[in-house]
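K.L.:
Below is a structure I'd like to ask you about.
What follows is calculated from the coordinates using simple rules that are stated; it is not laboratory data. Fair warning: this is a prediction, and the values are worked out from it, not measured in the lab. Every residue, glycine among them, receives a Cβ derived from its backbone with ideal geometry; neighbour counts consider all protein chains shown.
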Amino acid sequence: MANVIAAIEALADVIIAKKEFLTELDAAIGDADHGINMARGFEAVRAKLAAANPEDIGGVLKLVGMTLISTVGGASGPLYGTAFMRAAVVTQGKAILDAATIAQMLSAAIGGIKDRGKAVRGEKTMLDALEPAYEAFIQAMDKGESLSKSLQAATKAAADGVEYTKTIIATKGRASYLGERSIGHQDAGATSTYLMLSALTAFAQEQSQAV
Amino acid sequence: MANVIAAIEALADVIIAKKEFLTELDAAIGDADHGINMARGFEAVRAKLAAANPEDIGGVLKLVGMTLISTVGGASGPLYGTAFMRAAVVTQGKAILDAATIAQMLSAAIGGIKDRGKAVRGEKTMLDALEPAYEAFIQAMDKGESLSKSLQAATKAAADGVEYTKTIIATKGRASYLGERSIGHQDAGATSTYLMLSALTAFAQEQSQAV
Amino acid sequence: MKKVINNAEQVVEEMLQGIVLAHPQYVKRVEGFNVLVRATSPVQGKVALVSGGGSGHEPSHGGYVGRGMLDGAVAGAVFTSPTPDQVYEAVKAVDGGKGVLLVIKNYTGDVMNFEMATEMAEADGIQVAKVVVNDDVAVENSTWTTGRRGIAGTVFVHKIAGAKAEQGADLAAVQKTAEKVIANLRSMGMALSPCTVPAAGKPSFTLAENEVEIGMGIHGEPGTHREAIRTADETAEHLLSKILSDMTLAAGNEVAVMINGLGGTPLMELYIVNRKVAALLAEKNIKTAKTYVGNYMTSLEMAGFSITVLKLDSELKELLLAPADTPAFVQF
Amino acid sequence: MKKVINNAEQVVEEMLQGIVLAHPQYVKRVEGFNVLVRATSPVQGKVALVSGGGSGHEPSHGGYVGRGMLDGAVAGAVFTSPTPDQVYEAVKAVDGGKGVLLVIKNYTGDVMNFEMATEMAEADGIQVAKVVVNDDVAVENSTWTTGRRGIAGTVFVHKIAGAKAEQGADLAAVQKTAEKVIANLRSMGMALSPCTVPAAGKPSFTLAENEVEIGMGIHGEPGTHREAIRTADETAEHLLSKILSDMTLAAGNEVAVMINGLGGTPLMELYIVNRKVAALLAEKNIKTAKTYVGNYMTSLEMAGFSITVLKLDSELKELLLAPADTPAFVQF
Ligand SMILES: Nc1ncnc2c1ncn2[C@@H]1O[C@H](COP(=O)(O)OP(=O)(O)O)[C@@H](O)[C@H]1O
Ligand SMILES: Nc1ncnc2c1ncn2[C@@H]1O[C@H](COP(=O)(O)OP(=O)(O)O)[C@@H](O)[C@H]1O
Ligand SMILES: [Mg+2]
Ligand SMILES: [Mg+2]
Ligand SMILES: [Mg+2]
Ligand SMILES: [Mg+2]
């Protein structure tokens, strides 16, 4: 439990640290608020976590999801919020975050984002980082890699996904209004997804070394 | 008559040529329109003179005065307009512009400006160029100088008057709102007065050389 | 960034306080939320209208809360759609038993957040309907995109659907009228300069001294392209032709026109634009029943404007011309 | 200079055309002059009000022509007071037999041009009275200067004297009420950025990135001093304290407040200012009967604002709250 909370805090740290960077990415093809929105949300998450005492992983993730929904706004608020809410459902009653649980969480999160946002991969959104990350994670797990290694593979795939968003036209979200002019710019939401995965990976690595 | 019209055209030329300069002077301590206002007025004067056929100097000056009143606006419109209207009164029925007539005109113009604007010398206005110019003109005339020389003396005094406006606080017109901050800047209206006098002087000089 | 503010994080909160202090006759705050509702809310037996979106578009939408227009307005962070709980509070505060119509501008975030709020309110047994405004013709309509954006024309939806609700129509009828407005509504804008989101601290884009952005959105998001600035007449003609080529207007038809300033453009320039728009419509024998010129849907201090044309039928005309009394839109 | 215009020399002409095309219900043009009068002018048996001044302050003054406010507005070149013949035409066009009140802002040029027009109209046998508005406390009042400038508070003179005239009062009574407004009226402003007179083509001054001009006039003329930008609250407190220290307001007194935008400042910031102004007045137990927030007297695209406080008595309050119906000021 403390572990999961610490992991969420690691996500919060990276999002808050990269607030300006994410906002600049959004400025290029969106409306210059993604970093501001996400940082506001994770500041609130930090405060909520400090005050609350969730019983299980599901409780932590539900709190994160609800907090993001009620503080982020914009497109990313409902999307990340729903993602965490769905991940909460599959982690109800669980206290330990193993590879199988993480796979379930990622899958549930992707489902939530798709239900809410009606996007598919290739539309220059966070899904272009998250779906390949999930696939890479499963693949690594299937190959018997460690959790830490599997997360590394997922993060690598998310990074590639971010690069891929530079090459495509946005057809969902605010950048879609730009059409061709969106090419050459990386998607802000894909980038925040990548950043969270990389923070999680670094966290897991520290943990595994500490153990 | 043709002479007087040509003289007015010389005034129009210099005002229009110095439009930006006068506007910049007004920008520093006023509202950045003196050159624009005066140029608009003298463009109209040019057009009116081309179409009209005044009978005497008074007719020319009345036309100039009325045109300035109805096209310049701001403070300088009524002031210069009234000045020319008053000068028109003392030149009714006259066809030749001699030194005595010019002295009368200047005196009438000064009276008109004072009646209309309620200012006295030393308040950082056009009067600080025009009154010394008038006095210098009279003095030179009294010494028996030529018209051309007397005008040169008047222009020189107007130039000194413009310099003097840099040293004093404005207490009339828009620059008066600035108080102490108006010091160091020359008055736009004093400058346009100087410019017109110097154009008139140059014109008279050309004429006397031509004769 | 040079702004008359205290703290970039507090601008929405302090603005809302300032609005309520200025206009207590019109609006009150839903305690603890960034929601303004009529001073008389909930109005019993009337369909209520709720709109909202990111802040920075003032007087949209709080300025349109009052008799004949909105019942509630939800203010998100600057340029960021409000969260579902805020919208939900607005719905609860204004429902007078006849249901609530949500007027949403077509942005992914707005649509999702308002939909989540709808789910919450419906769970409480409140009847909720929604319309999505997408008047901006700058953005091509295609099944491959999010669709067109909602911009200044949204104010006409507030006005006309608001008048319909005031007449006592039921939720389905108010929704239907709002949908008719949206179907008949086209807008397009352009920007001369960017604006600065307070929390971002710097302009969201830059334009060269002679450059303008055509098809500009209202959130500082880029438009369709940039070009060298042209005359007011050429620009007006360009935007209007894009608008008209997307609607079916015949000689003799009646329209309402809005020349909307984005916040930093003097009224003088908006009227110069209107001169050309009016002339072009008159040339085509299109009758303008009413023209609105001013800052109705802004983008902070952005310089630029948009043109909106609404095709009227007798119902829409009567409702448009009906009285309204709100902080920013008063009409006898 | 980036502006939505066609030709710097034609901006006033084209704007006036655009205004008439937008608001034919309210205003018509006096053919051949830069004068707007009510669509119904002359209104027989009513004292008529005429105001005006340089253009660039829109919606002042043409936007205030209509029932309950002005009868005529004269538009000079940008920031340049109109010429006497223009004012004279306005007076002739609106006189309904009960005389005409001229509302003049206290600038040398305006006063002289309106006075010359008065002489012309009186020669025609038209009864003319005048009031000179000088609400700007930034400028020290002294017999040695031209006196204080007239700025945004002028709109309150239009509103209240206009309501008095609408009630059927005679010229002397309307003038007396206008003079009471002026006696009770104080304003002060500040600017964050300059504006550009179209014909000049460049800004009339420059300010450093963190610098503001305090006591700014409305014509781009410099204010009393420059300083580093402070918070909205500090700035509001500074301006308000200058205003209040120049009027005698006791606890329990009632006032009207105007937070006026200079053209380039978002409404959001004006409301943030109002929040502080309202709090400061409430602290002193001064009651605000009505608050106006918006762009009432602008300086083209200048960023900045002014605060106006008008002390009310029962007559002024009743007249202020009376209905008005003009393009830019509508009140039930
Ligand atoms: N329909 C969608 N499905 C999935 N992700 C989306 C969708 N629309 C937008 N996004 C993501 O949201 C990000 C933008 O978030 P943000 O800037 O916070 O919201 P907004 O676009 O409302 O300003 C985009 O970069 C994109 O990754
Ligand atoms: N009361 C006055 N008497 C004489 N000259 C004056 C007076 N007030 C202003 N002026 C002159 O008018 C000039 C300003 O003219 P202008 O810029 O055209 O008008 P405005 O001040 O109305 O913008 C000043 O520079 C000054 O010389
Ligand atoms: Mg964004
Ligand atoms: Mg000037
Ligand atoms: Mg946003
Ligand atoms: Mg001027």
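K.L.:
Taking θ = phi - 60°, what integer Hz values does the Karplus form 6.51 cos²θ - 1.76 cosθ + 1.60 yield along region B:166-178, in sequence order, with x for Gly and Pro?
P.N.:
5, 8, 10, 7, 6, 10, 10, x, 5, 5, 4, 5, 7
K.L.:
I've got another one for you. Work out the mean other chain Cβ neighbour count within 10 Å for the residues of D:254-267 and drop it here as an integer.
P.N.:
Mean shielding by partner chains, rounded to a whole number: 5.
K.L.:
At B:ILE168 and A:ALA47, where each label point lies 7 Å from the Cα along Cα→Cβ, what is the point-to-point distance in nanometres?
P.N.:
Between B:ILE168 and A:ALA47, the label points sit 6.3 nm apart.
K.L.:
Using a Förster distance of 60 angstrom, determine the FRET efficiency expected from the C-beta separation of D:GLN44 and A:VAL89, and round it to 0.05.
P.N.:
Once rounded, the FRET efficiency stands at 0.20.
K.L.:
Show the residues, 5+ positions off or on another chain, whose built amide H is closer than 5 Å to the amide H of C:LEU101.
P.N.:
For C:LEU101, whose amide H was placed from the backbone, the distant partners under 5 Å are C:ALA48, C:LEU49, C:VAL50, C:ALA129.
K.L.:
What is the antiparallel percent of DSSP beta bridges lying wholly in the protein assembly as shown, to the nearest 5?
P.N.:
If I count the DSSP bridges inside the protein assembly as shown, around 55 percent turn out antiparallel.
K.L.:
Looking at region C:2-63, which GluC sites (Glu not before Pro) are DSSP coil and have at most 13 other C-beta atoms within 10 Å of their C-beta?
P.N.:
Those satisfying the criteria are C:GLU31.
K.L.:
Distances from D:PRO24 to the same residue in each other copy, label points 7 Å out along Cα→Cβ, in nm, shortest first?
P.N.:
Distances between equivalent label points, in nm: 4.4.
K.L.:
Here is a follow-up. Counting only DSSP beta bridges with both residues in chain D, tell me the antiparallel percent, nearest 5.
P.N.:
55
K.L.:
Does anything in region C:38-76 have its amide N under 15 Å from the 7 Å Cα→Cβ label point of A:LYS118, and if so which residues?
P.N.:
Hits in region C:38-76 for A:LYS118 at 15 Å: none.
K.L.:
Mind checking which of D:LEU16, D:LEU310, D:LEU70 has the largest fluctuation in a GNM of chain D, springs on alpha carbons under 10 Å?
P.N.:
D:LEU16
K.L.:
Once a ≥ b ≥ c are taken as the square roots of the eigenvalues of the Cα gyration tensor of the protein assembly as shown, is the result rounded (a/c under 1.5), prolate (a/b larger than b/c) or oblate (a/b not larger than b/c)?
P.N.:
Judged from the Cα gyration tensor, the protein assembly as shown comes out prolate (a/c at least 1.5, a/b above b/c).
K.L.:
Using a ≥ b ≥ c from the Cα gyration tensor of region D:185-321 (square roots of the eigenvalues), is it rounded, prolate or oblate, where a/c under 1.5 gives rounded and otherwise the larger of a/b and b/c decides, a/b for prolate?
P.N.:
Taking the square roots of the gyration eigenvalues as a ≥ b ≥ c, region D:185-321 is prolate.
K.L.:
Round to the nearest 0.05 the FRET efficiency obtained for D:GLU209 and C:ALA8 when R0 = 22 Å and r is the Cβ-Cβ distance.
P.N.:
Computed FRET efficiency for D:GLU209 and C:ALA8: 0.85.
K.L.:
A follow-up question, please. Show me, for region A:105-121, the HN-Hα J-couplings you get by feeding each phi into the Karplus relation (A = 6.51, B = -1.76, C = 1.60, θ = phi - 60°), rounded to Hz, glycine and proline as x.
P.N.:
4, 4, 5, 5, 4, 4, x, x, 4, 5, 4, 6, x, 6, 9, 10, 4
K.L.:
Tell me which residues come under 5 Å, amide H to amide H, from C:ASN295 once H is placed; ignore anything under 5 positions away on its chain.
P.N.:
Here C:GLY261 satisfy the definition.
K.L.:
Same structure, new question: Given the options B:ALA88, B:ALA17, B:ALA190, state which has the largest fluctuation in a GNM of chain B using a 10 Å cut-off (strictly under) for Cα springs.
P.N.:
Comparing B:ALA88, B:ALA17, B:ALA190 in a Gaussian network model of chain B, the most mobile one is B:ALA17.
K.L.:
Hey, what angle do you get for helix B:76-90 against the long axis of chain B, alpha-carbon based, 0 to 90 degrees rounded to 10?
P.N.:
30
K.L.:
Return the FRET efficiency for the residue pair D:LEU280, C:LYS176: r is the Cβ-Cβ distance, R0 is 45 Å, and the value is rounded to the nearest 0.05.
P.N.:
The calculated FRET efficiency here is 0.40.
K.L.:
Average partner chain C-beta neighbours within 10 Å, per residue of C:291-301?
P.N.:
Rounded to a whole number, the mean comes out at 5.
K.L.:
A further question on this structure: Using a label position 7 Å from Cα in the Cα→Cβ direction, what is the ascending list of nm distances from A:ALA100 to the same site in the other copies?
P.N.:
Between copies, matching label points for A:ALA100 lie 12.4 nm apart.
K.L.:
To one decimal in nm, how far is A:ASN53 from the same spot in the other copies, if labels go 7 Å from Cα toward Cβ? Please give the shortest first.
P.N.:
10.8
K.L.:
Given springs between every Cα pair under 10 Å in a Gaussian network model of chain D, which of D:VAL47, D:VAL11, D:VAL27 has the largest fluctuation?
P.N.:
Of the options given, D:VAL11 has the highest mean-square fluctuation.
K.L.:
If contacts are Cα pairs under 8 angstrom and at least 6 residues apart, what is the relative contact order of region B:2-210 in percent?
P.N.:
So the answer I get is 20 percent.
K.L.:
Through the Karplus equation 6.51 cos²θ - 1.76 cosθ + 1.60, θ set to phi - 60°, convert the phi angles of region A:124-140 into ³J(HN,Hα) values in whole Hz; use x for Gly and Pro.
P.N.:
Per residue, the Karplus-derived 3J(HN,Hα) values read 6, 9, 4, 4, 5, 9, 6, 5, x, 5, 4, 4, 5, 5, 4, 4, 4 Hz.
K.L.:
Further question: With only Lys, Arg, Asp and Glu charged, each at its Cβ (+1 for the first two, -1 for the last two), find how big the charge dipole of the protein assembly as shown is about the Cα centre; round to the nearest 20 debye.
P.N.:
With Lys and Arg at +1 and Asp and Glu at -1, about 1320 debye.
K.L.:
Rounding to the nearest 10 and keeping the result within 0 to 90°, find how far the Cα-based axis of helix B:147-165 lies from the longest principal axis of chain B.
P.N.:
For helix B:147-165, the angle is close to 10 degrees.
K.L.:
What is the Cα centroid distance between region C:1-62 and region A:80-158, reported in whole angstrom?
P.N.:
Here the two parts' Cα centres lie 39 Å apart.
K.L.:
Of the DSSP beta bridges with both residues in region D:185-321, give the percent that are antiparallel, rounding to the nearest 5.
P.N.:
Among the beta bridges of region D:185-321, antiparallel pairing accounts for roughly 75 percent.
K.L.:
Which whole-number percent gives the relative contact order of chain D, counting Cα pairs below 8 Å spaced six or more residues apart?
P.N.:
18
K.L.:
Cα axis of helix B:188-210 to longest principal axis of chain B: angle in degrees, 0 to 90, nearest 10?
P.N.:
With both axes taken from Cα atoms, the answer is about 20 degrees.
K.L.:
Can you pull the mean other chain C-beta count within 10 Å for peptide B:188-195?
P.N.:
Neighbouring Cβ atoms belonging to other protein chains average 0 per residue here.
K.L.:
Would you mind checking which residues have amide H under 5 Å from C:SER55's amide H? H placed 1.01 Å from N; only 5 or more apart, or other chain.
P.N.:
Amide H to amide H, under 5 Å and 5 or more residues apart or across chains, C:SER55 pairs with C:GLY76, C:ALA77, C:VAL78, C:PHE79, C:THR80.
K.L.:
If each residue's Cβ is checked for other Cβ atoms within 10 Å, how do D:SER51, C:SER55, A:SER208 rank with the fewest at the top?
P.N.:
Going from sparsest to densest Cβ surroundings: A:SER208, C:SER55, D:SER51.
K.L.:
Right, next: Using a ≥ b ≥ c from the Cα gyration tensor of chain C (square roots of the eigenvalues), is it rounded, prolate or oblate, where a/c under 1.5 gives rounded and otherwise the larger of a/b and b/c decides, a/b for prolate?
P.N.:
Judged from the Cα gyration tensor, chain C comes out oblate (a/c at least 1.5, b/c at or above a/b).
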